[in-house]
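Undergrad: My structure is below; once you've seen it, I'll send some questions.
The values are calculated or read from the model by the stated rules, or taken from the named source; none is laboratory data. Keep in mind that this is a model prediction, so the values were computed, not measured. With ideal geometry, Cβ positions are generated from the backbone for all residues, glycine too; neighbour counts draw on all protein chains shown.
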Amino acid sequence: MKYEYDNLNLHILKNKKFKKNIVSIEFKRKAKKEEMTLRNLLSIVLVRSCRKYPKERDLLIKSEELYDVAYNSRIRVLGWDSFLTLSLTFLSPKYTEKNMFFKSMSFLTELLLSPNVKNGAFDEEIVNQAKAELKEELLLANEQPYYLAMKGLLENIDSSAPFTYSDMGYIEDLDNITPTKLYDYYVSVLDSDSLDIFICGDVDVLSVKKVIKEKFSKLNKRKKYNENVYHINKKTIEDNYIVKEIDNNQSIMNIGFKALNLNDFELRYVWYVYNYILGGSANSKLFRDVREKESLCYDIHSSMENFFDLMIISTGINAINEKKAKELILKSMDEISKGHFLEKDIKDAINSYIYDIKANLGTPYGIVNLYRQKYYFNSDNYLLKIKNIKKVDKNMVIDLSKKFKLDTIYFLKGVNDD
């Protein structure tokens, strides 16, 4: 059930079968590359301290007093949008105390709305600690061949698209972020982002509405931000083959394909089945034909970036097998387009899809996730999803397979490859 206020949308998913409840506070704005480091750093700092609990140890003690509540924050880029989420998981009041929801929400809103701020700046020690940890993570990521190969592929497909943005941020931006600059960005998030609060569990609706209204009444009214997160591809770059060398034994080949002129049913359902058959499962065609039969690669899989109609095949190989691996990958795709796969493959894909849905229905977070997909991205409800995935047949998969066009091959060649 959705309740609209001037400054936020409240979504209550009442469910009595779980012992734990979840609250997810989600800020959304259009993704901007220059904000990614700021946004990630803010998500880290918000759960490190607040005015009432200035040290991490204080937060830990308080969380234990609240029957070991779990809290976390994260950022994600989905389509053209950036989401900053602060969430809390806590035991249902019927297993703890009558006013547990109020106490838990008070704790969460202390983190979000009463940060440890002095003279218009976050606590310098907390910020510097978070910056140091984030820098270490970024340095580590930039040493990973798979990360570098994926980054290289995406940037060469479209360097301006949000799918190239790093959720973690960028090392070169860290030094310019001061406690004051981070606080200014925090204020802009509260003032400008659209705000949705998702609550799932055995809660009293009237009590929830009362608490939310009380805790968030001081937030400014804001314009609701909403736009289409999907992108339609109209052209591809032919024969864009890039080779870069790396001081590594293993080589990475990433191949990007754009899907042209997909209809909505293909985008939401047929593509899942196609990807599962091609390279999205342990029994996929790529795994069988390239890895097991030919022993050409260490690993191989395909993945979907369906916000941008982009499919990626990634494999780790020896450099000497570059040409043959590429030929076999394209051959596997061609065979699917000719119908060289089994009805059982489709059935397995459909069963996997339904299993994932049922697994989501088994947790409060999963239920929120399914609801969020419908709310933000206009996906079908889970019953309709199950009904529609069962409609996918062999001809649909064949028709879809013919809509993928090769855009870019990015080959990260290991110069120590023996």
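Undergrad: I'd like to know if the range 310-320 contains one or more residues that are among the polar types (S, T, N, Q), surrounded by fewer than 17 Cβ atoms within 10 Å (Cβ to Cβ) and touching a residue at least 24 places away in the same chain (Cβ under 8 Å).
TA: Yes, there is a match, as at least one residue in the range 310-320 is among the polar types (S, T, N, Q), surrounded by fewer than 17 Cβ atoms within 10 Å (Cβ to Cβ) and touching a residue at least 24 places away in the same chain (Cβ under 8 Å).
Undergrad: Another one. Hey, can you tell me all the residues within the range 332-348 that are part of a helix (DSSP H, G or I) and touching a residue at least 24 places away in the same chain (Cβ under 8 Å)?
TA: Of everything in the range 332-348, those that are part of a helix (DSSP H, G or I) and touching a residue at least 24 places away in the same chain (Cβ under 8 Å) turn out to be Ser332, Met333, Glu335, Ile336, Ser337, Glu343, Asp345, Ile346, Asp348.
Undergrad: What strands (runs of 3 or more DSSP E) completely inside the range 1-47 contain at least 1 residues that are in contact with a helix residue (DSSP H, G or I) (Cβ under 9 Å, 6 or more places away or on another chain) and acidic (Asp, Glu)?
TA: 20-30
Undergrad: Going by the structure shown, is Gly280 of a type outside the set (Val, Ile, Thr) and in a strand (DSSP E or B)?
TA: Against the criterion (of a type outside the set (Val, Ile, Thr) and in a strand (DSSP E or B)), Gly280 does not qualify.
Undergrad: Ok, one more. Go through the range 349-389 residue by residue and tally those that are polar (S, T, N, Q) and without any contact (Cβ under 8 Å) to a residue 24 or more places away in the chain.
TA: Here the count works out to 6.
Undergrad: Within the range 36-52, can one find any residue that is surrounded by 21 or more Cβ atoms within 10 Å (Cβ to Cβ) and among the basic types (Lys, Arg)?
TA: yes
Undergrad: Within the range 50-65, identify whether any single residue is aromatic (Phe, Trp, Tyr), under 24 Å from Val208 (Cβ atoms) and either assigned to a helix (DSSP H, G or I) or touching a helix residue (DSSP H, G or I) at 6+ places or on another chain (Cβ under 6 Å) (or both), and answer yes or no.
TA: Yes, there is a match, as at least one residue in the range 50-65 is aromatic (Phe, Trp, Tyr), under 24 Å from Val208 (Cβ atoms) and either assigned to a helix (DSSP H, G or I) or touching a helix residue (DSSP H, G or I) at 6+ places or on another chain (Cβ under 6 Å) (or both).
Undergrad: Residues in the range 275-290 that are in contact (Cβ under 8 Å) with a residue 24 or more places away in the chain and under 12 Å from Ile329 (Cα atoms): how many?
TA: Final tally of qualifying residues: 6.
Undergrad: Only one of these is at positive phi and either surrounded by fewer than 18 Cβ atoms within 10 Å (Cβ to Cβ) or β-branched (Val, Ile, Thr) (or both): Gly362, Gly339. Name it.
TA: Gly339
Undergrad: Condition first: out of contact with any Phe, Trp or Tyr (no Cβ under 7 Å at 6 or more places or on another chain) and at pLDDT below 90. Can you find one or more residues in the range 248-270 that meet it?
TA: For the range 248-270, residues out of contact with any Phe, Trp or Tyr (no Cβ under 7 Å at 6 or more places or on another chain) and at pLDDT below 90: present.
Undergrad: Is it the case, given these coordinates, that Leu190 is at pLDDT 90 or above and surrounded by fewer than 21 Cβ atoms within 10 Å (Cβ to Cβ)?
TA: Considered against the rule, which asks whether it is at pLDDT 90 or above and surrounded by fewer than 21 Cβ atoms within 10 Å (Cβ to Cβ), Leu190 comes out as yes.
Undergrad: Only one of these conditions is not met by Ile197: (1) touching a Lys or Arg at 6+ places or on another chain (Cβ under 9 Å); (2) at pLDDT 95 or above. Which number is it?
TA: The number of the failed condition is (1).
Undergrad: Of these, Thr96, Thr89, Thr85, which one is modelled with pLDDT under 95 and of a type in the set (Val, Ile, Thr)?
TA: It is Thr96.
Undergrad: While we're on this one: Considering only the range 161-175, I want to know if a residue exists there that is over 23 Å from the mean Cα position of the chain (by Cα), free of Cβ contacts under 8 Å to residues at least 24 places away in the same chain and surrounded by fewer than 19 Cβ atoms within 10 Å (Cβ to Cβ).
TA: Checked the range 161-175: at least one residue is over 23 Å from the mean Cα position of the chain (by Cα), free of Cβ contacts under 8 Å to residues at least 24 places away in the same chain and surrounded by fewer than 19 Cβ atoms within 10 Å (Cβ to Cβ).
Undergrad: Looking at the range 90-178, what helices (runs of 4 or more DSSP H) fall wholly within it and have at least 1 residues that are over 27 Å from Leu310 (Cα atoms)?
TA: 100-113, 124-141, 171-174
Undergrad: Right, something else. For the list (1) of a type outside the set (D, E, K, R); (2) modelled with pLDDT of 95 or more; (3) within 30 Å of Lys16 (Cβ to Cβ), I need the number of the one condition that Tyr376 fails.
TA: The number of the failed condition is (2).
Undergrad: Considering only the range 392-403, how many residues are buried (at least 22 other Cβ atoms within 10 Å of the Cβ) and over 17 Å from Ala349 (Cβ atoms)?
TA: Number of matching residues: 0.
Undergrad: Go through the range 184-209 residue by residue and tally those that are under 21 Å from Phe27 (Cα atoms) and more than 25 Å from the chain's Cα centre (by Cα).
TA: Result for the range 184-209: 3.
Undergrad: Another question, if that's okay. Test of understanding: among Ser82, Ser49, Ser114, Ser92, which residue is touching an Asp or Glu at 6+ places or on another chain (Cβ under 8 Å) and farther than 26 Å from Arg372 by Cβ?
TA: Ser49
Undergrad: Here's a follow-up. Within the range 135-157, take every residue that is more than 18 Å from the chain's Cα centre (by Cα) and without any contact (Cβ under 8 Å) to a residue 24 or more places away in the chain and give me the one that is farthest from Ile44 (Cα to Cα).
TA: The qualifying residue farthest from Ile44 (Cα to Cα) is Glu155.
Undergrad: Read through the list (1) charged (D, E, K, R); (2) under 25 Å from Glu124 (Cα atoms); (3) buried (at least 18 other Cβ atoms within 10 Å of the Cβ), then give the number of the only condition that Lys55 fails.
TA: (3)
Undergrad: If you take the residues in the range 69-80 that are under 11 Å from the mean Cα position of the chain (by Cα) and not hydrophobic (A, V, I, L, M, F, W, C), which one is surrounded by the most Cβ atoms within 10 Å (Cβ to Cβ)?
TA: Once the filter is applied, the top-ranked residue is Gly79.
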